[in-house]
1. Any chance the stretch 221-229 includes a residue that's part of a loop (DSSP other than H, G, I, E, B), crowded, with 16+ Cβ neighbours inside 10 Å and either out of contact with any Lys or Arg (no Cβ under 9 Å at 6 or more places or on another chain) or of a type in the set (Val, Ile, Thr) (or both)?
2. Restrict the check to the stretch 207-218 and report whether at least one residue is aromatic (Phe, Trp, Tyr), touching a residue at least 60 places away in the same chain (Cβ under 8 Å), closer than 29 Å to Val291 by Cβ and in a loop (DSSP other than H, G, I, E, B).
3. Select from the stretch 53-92 the residues that are closer than 14 Å to Asp43 by Cβ and acidic (Asp, Glu) and list them in ascending order.
4. Checking the conditions here, which among Leu178, Leu187, Leu166 is modelled with pLDDT of 90 or more, part of a loop (DSSP other than H, G, I, E, B) and either under 30 Å from Glu130 (Cα atoms) or basic (Lys, Arg) (or both)?
5. Surrounded by 19 or more Cβ atoms within 10 Å (Cβ to Cβ), within 30 Å of Ser26 (Cα to Cα) and not basic (Lys, Arg), is that true of Glu156?
6. I need the full set of residues from the stretch 334-370 which are surrounded by fewer than 18 Cβ atoms within 10 Å (Cβ to Cβ), modelled with pLDDT of 90 or more and outside any loop (DSSP other than H, G, I, E, B), in order please.
7. Working only within the stretch 86-110, note down all residues that are surrounded by 15 or more Cβ atoms within 10 Å (Cβ to Cβ) and more than 13 Å from Gly27 (Cα to Cα).
Amino acid sequence: MKIKLLLLSLLIVAISCNNSERIRISGKYNGNREGSLYLTRVDINRQVLIDSVKPGRTGHFSFNLESRQTDYYNLGFDNSEFITLIASPGDRIDISFNGSPLQDDYTVNGSTESEKVRLLDMRLAKARTELDSLSTLYSSSMNASDRDTALLSALEEEYTEIVDRLRMENIAFILDNLSSFSAIKALYQKIDDETYVLYRERDLQYMKLVSDSLSAYFPGSRQARALASNVENEINSMYLNRITALAESVEETLPDLALPSVTGDTVLLSSFRGKGYVLLSFWSARSEQSVSGNMELKEYFNKYHNKGFQIYQVNIDDDENLWRNAVRYDELPWISVRDYNEGLSPSISMFNISSVPANYLIDPEGNIIAKDLFGRSLQIKLSQIFNQGG
């Protein structure tokens with residue numbers, strides 16, 4: 001009898017332990033899209049397919065899995081229509097999708113962490129909508145025959161304000177949730193494919209804070225280990241960039257240019273040293289992207305020139321008259337020089353230019369601090385330098 005009781009006790013314990021390691025994710029899809037929902041586990045740098053189910057006639061679906069640690073999961077139809085969840089052993093998460101795409105309207109219960117992620121994503125989606133509207137208005141204003149410079153300047157400022165506001169909101173969220181896996185989401189959100197919400201070098205400190213906290217609270221977590229590895233790589237990259245910048249600050253490492261301008265004078269790139277930030281730009285009048293880019297550069301030049309922004313622009317066209325006419329017709333206000341020698345332009349080789357438009361942003365000490373910044377990226381960088389003291 002004692003043996004039977006012991007076996008029964010062990011069985012109950014085993015079942016209890018097994019249930020504590022199980023995760024159930026279920027809910028209802030109220031949309032019209034056909035196909036299967038896929039559940040993938042998300043590490044920082046990769047995804048692992050867990051399971052897939054097809055919602056029934058009533059739209060109900062359910063996933064059951066075993067896990068011994070907290071993880072990120074994506075649930076959706078494909079890589080463009082999905083939501084992100086944070087699930088821990090023992091969680092019973094209930095989701096209701098109220099429309100399409102999935103991420104635009106859903107509710108989640110049974111997971112406080114997943115609800116935090118939902119709120120983060122909703123806030124980012126709202127900011128993206130605002131930024132897209134501003135970008136559309138900016139583009140139409142740029143192409144208008146009666147271009148309103150004041151309006152363009154106001155749109156740039158509003159765009160920057162939204163980006164900065166979103167950054168500060170994410171920082172506040174991180175500081176309030178240092179021991180929460182949802183903080184990882186706040187670290188890696190992106191405004192677009194090229195721009196993180198936390199886009200400044202100093203924001204690496206928040207990655208380190210979250211990494212240290214999660215490693216202390218969850219020492220065996222694959223998410224914490226992956227974040228720690230990523231932070232280490234970012235720190236090493238930052239130090240490497242600083243070493244590179246120090247090397248480039250030596251005068252001989254930044255090639256000088258001495259090229260003829262439209263007025264016939266020879267202008268040295270080094271003549272701007274110590275006078276402000278210089279955008280070294282390479283272009284061709286035959287390149288539509290170069291010409292349209294010059295229209296944006298005119299706005300930035302007019303806005304920041306009095307604050308110390310210079311442009312040294314190198315044309316590589318074989319037709320000198322084409323270059324001169326383009327400068328005159330578009331009324332380019334900066335230093336315009338030309339480098340063409342029967343198909344061989346020395347500056348192209350020195351600065352490793354493979355296509356145009358191309359550019360380097362150079363600080364007052366002669367350090368190259370950025371390369372190939374266009375559109376929003378250049379707008380944000382110049383705003384950082386001239387509106388916020390770098």
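The values are calculated or read from the model by the stated rules, or taken from the named source; none is laboratory data. A quick note: this is a predicted structure, and the numbers were derived from the prediction, not measured. Ideal geometry is used to build each Cβ from the backbone, glycine not excepted, and the neighbour counts take in all protein chains shown.
1. The answer is yes, given that some residue of the stretch 221-229 is part of a loop (DSSP other than H, G, I, E, B), crowded, with 16+ Cβ neighbours inside 10 Å and either out of contact with any Lys or Arg (no Cβ under 9 Å at 6 or more places or on another chain) or of a type in the set (Val, Ile, Thr) (or both).
2. no
3. Within the stretch 53-92, just Asp71 meets the criteria.
4. That would be Leu178, the only listed residue that is modelled with pLDDT of 90 or more, part of a loop (DSSP other than H, G, I, E, B) and either under 30 Å from Glu130 (Cα atoms) or basic (Lys, Arg) (or both).
5. no
6. none
7. Those that are surrounded by 15 or more Cβ atoms within 10 Å (Cβ to Cβ) and more than 13 Å from Gly27 (Cα to Cα): Ile86, Ala87, Ser88, Pro89, Asp91, Ser100, Pro101, Gln103.
For every residue, the table says whether it meets (1) under 16 Å from Ile50 (Cβ atoms); (2) of a type in the set (Val, Ile, Thr); (3) assigned by TED's automatic domain parsing to the domain that holds Arg46.
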{"position": "Arg68", "(1), (2), (3)": "yes, no, yes"}
{"position": "Tyr72", "(1), (2), (3)": "yes, no, yes"}
{"position": "Gly76", "(1), (2), (3)": "yes, no, yes"}
{"position": "Asn79", "(1), (2), (3)": "yes, no, yes"}
{"position": "Thr84", "(1), (2), (3)": "yes, yes, yes"}
{"position": "Ser88", "(1), (2), (3)": "yes, no, yes"}
{"position": "Ser96", "(1), (2), (3)": "no, no, yes"}
{"position": "Asn109", "(1), (2), (3)": "no, no, no"}
